[in-house]
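I have placed the structure first, in the form of structure tokens, so that the comments after it can refer back to it.
The values are calculated or read from the model by the stated rules, or taken from the named source; none is laboratory data. All of these numbers come straight from a predicted model, not from anything done at the bench. Please note that ligands, DNA and RNA were not included when accessible areas were found on the heavy atoms of the full protein model with its side chains. Shrake-Rupley method; radii C 1.70, N 1.55, O 1.52, S 1.80 Å.
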Amino acid sequence: MPADDPLCRALDRAYAILARQDRSEQELRIKLKERGFEPEIIAEALAKLRSYGYLDDGRYLMNATRRLATTRGWGNRKIAATLKGKGFTREQIGAALAEARSEMDEVGALRQLIAKERRKTPEWDEKIKRRLFLRFVSCGFAPAEILRIMKE
């Protein structure tokens, strides 16, 4: 393919984007569109990337879900909202969350986070409890679960 071919340029741009960070198909489509590529060229480039194995939404979804659940310590609500914004359906997200949470469920992860905070600060006054509660809510954990586990 000649270097001035739009498909060649779109593939080059896609390779550069994917080299920095794994992306979902929707994210890559948006980035290529922002670069001014035509929808037909984008569709053809994405098809080639899928056939080469560089673009796999299933793999991306599982890796992202596992990373957000374990490394980042996020709750299911925040993970689902983030992945929904990347173009995945509720069913896909639900299956990925079930797989990622097979090692440690959401309540277990929350218990770990709270225990970690207890080790850092053994005595909790109301101000610390409120700050931690808000932090755990912003991480996507259910408020009722946070309060229940904090009382234990």
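Separation of region 12-39 from region 96-152 is 36 Å, based on Cα centroids. Taking the 1.4 Å solvent-accessible surface of the chain as the whole, the part contributed by carbon and sulfur is 52%. Volume per residue of the convex hull around the Cα atoms, evaluated for region 17-65, comes out as 70 Å³. Take region 45-93 with all the other protein chains still there, run a 1.4 Å probe, and you get 55 Å² of accessible area per residue.
Given the -39500 (n - 2.57) contribution per DSSP H run of 4+ residues, what per-residue ellipticity at 222 nm results for the chain, rounded to the nearest 500 deg cm²/dmol? Intermediate results must be reported in sequence, preceding the final value.
Values: 9 runs with 106 residues, N = 152.
Value at 222 nm, helices only: -21500 deg cm²/dmol.
Scaled against the 2.2 N^0.38 Å expected of a compact globular protein of N residues, the Cα radius of gyration of the chain reads 1.37.
Comparing 55, 97, 134 in a Gaussian network model of the chain where C-alpha atoms under 10 Å apart are linked, the largest mean-square fluctuation is found at 134.
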